[in-house]
Amino acid sequence: MAFGSGSWYRGRALKRAGLQTGMRVLDIGVGTGLTARQAALLVGPSGQVIGIDPSSGMIQSAKIPPDIELLIGSAESIPAAAETADFLCMGYALRHIADMSAAFREFMRVLKPGGRICLMEITRPKGRASRAMLKAYMRGIVPFLAGILGENPDSPKLMRYYWDTIDACASPDEILEAIREAGFVEQYRYVELGIFSEYRARKPLA
């Protein structure tokens, strides 16, 4: 669906956001582990990556190296002590958060002063034509290919739902404002190809 860019794109996004060797990372909505694996490569053996997901099924099916710890939790209720993480990331799960403001306040709680966030998300294009093209791809072509190539008979339905969640996601301005209201500084949205958004921000030092 992402033309093979999933893993390397996540790695580049994390590096752009300031992830470095030795950091302690929380990956919220770890899912299949794509973002967590890239984070582990960047922090190296001196760092630590903890993946958090509300679904026990996703945690059991996550494909991650043994040194990544997996915990049950949500963006609004993270199983971590206050000010213990250097970096917090989320790979394409922002649109699934029920209470975005509560989640961003929780991100602030678990991050150390100066800690950073990198929230990756697919954003609905502004232009009518580009939006229609992406919708046709996500709700038409991708489900069709999933039905042919996927092992799960529900794959086409899930892929159509994927677009529906993108279409219903909060706007970039709303997301940036919620990040600012939670107390973060240096909030910024980096965009590639008009749809791949990276929301970055830093917790104040004091």
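The values are calculated or read from the model by the stated rules, or taken from the named source; none is laboratory data. These figures come from a predicted structure and were not determined experimentally. Backbone-built Cβ (ideal geometry, glycine too); neighbour counts: all protein chains shown. Please note that ligands, DNA and RNA were not included when accessible areas were found on the heavy atoms of the full protein model with its side chains. Shrake-Rupley method; radii C 1.70, N 1.55, O 1.52, S 1.80 Å.
Here is how the numbers come out for the structure above:
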{"item": "Qualifying residues in the range 181-202 (those that are open to solvent by 20 Å² or more (accessible area, probe 1.4 Å), of a type outside the set (Phe, Trp, Tyr) and within 17 Å of Ala17 (Cα to Cα)) - the one modelled with the lowest pLDDT", "result": "Glu192"}
{"item": "Criterion violated by Leu19 - all others in (1) in contact with a strand residue (DSSP E or B) (Cβ under 6 Å, 6 or more places away or on another chain); (2) open to solvent by 20 Å² or more (accessible area, probe 1.4 Å); (3) of a type in the set (A, V, I, L, M); (4) more than 22 Å from His96 (Cα to Cα) satisfied", "result": "(2)"}
{"item": "Filter result for Ile122 (crowded, with 16+ Cβ neighbours inside 10 Å, touching a residue at least 40 places away in the same chain (Cβ under 8 Å) and farther than 12 Å from Val25 by Cα)", "result": "yes"}
{"item": "Residue match in the range 50-59 (condition: in contact with a Leu (Cβ under 6 Å, 6 or more places away or on another chain) and open to solvent by 10 Å² or more (accessible area, probe 1.4 Å))", "result": "yes"}
{"item": "Residue count, the range 169-206 (criterion: assigned to a loop (DSSP other than H, G, I, E, B) and either closer than 23 Å to Trp8 by Cα or not hydroxyl-bearing (Ser, Thr, Tyr) (or both))", "result": "12"}
{"item": "Yes/no for Leu42 being touching a Cys at 6+ places or on another chain (Cβ under 8 Å) and closer than 22 Å to Glu186 by Cβ", "result": "no"}
